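Just below is one structure, and these are the notes that go with it.
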Amino acid sequence: CDPNPTITYTDSVEPGPCPHAKTIIRTWTATDACGNSASGVQTITVVDTTPPKLVVPPDLVVECDQPTDPDHTGWAEAEDNCDPAPQISWLYRLSCG
């Protein structure tokens, strides 16, 4: 009898395994002008499966008495679709030659 029932929803959020992942349980309800209603549940799973983009400084050749830390040789840069400040770490690897 009501061509335009009112549609509402409520969300319940469960955290996921990382800060940007979660599961949203959304309950939809349609109510007509006479107070009759029907409900349905939608599950929305939010994931983060895209790795960050990493740009490393170019290869360099430095003399043995020059510093080799990133302040002197350049820092890598990263961006991520979910994390505004992805962590960047580095490890020294020495080779002779």
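Some values worked out for this structure:
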quantity	calculated
Scan of segment 7-62 for residues that are of a type in the set (Gly, Ala, Ser) and closer than 30 Å to Ala76 by Cβ, ordered by number	Gly16, Ala21
Those strands (runs of 3 or more DSSP E) lying entirely in segment 7-97 with at least 1 residues touching an Asp or Glu at 6+ places or on another chain (Cβ under 6 Å), surrounded by 10 or more Cβ atoms within 10 Å (Cβ to Cβ) and without any contact (Cβ under 8 Å) to a residue 60 or more places away in the chain	22-31, 53-55
Residue in segment 76-92 that is polar (S, T, N, Q), at negative phi and more than 15 Å from the chain's Cα centre (by Cα) present	yes
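A short reminder: the numbers here are calculations on the coordinates, not readings from a lab. Everything numeric in this text was worked out from a predicted model, so none of it was measured. For neighbour counting, all protein chains shown are included, and Cβ atoms are generated from backbone atoms with ideal geometry for every residue, glycine included.
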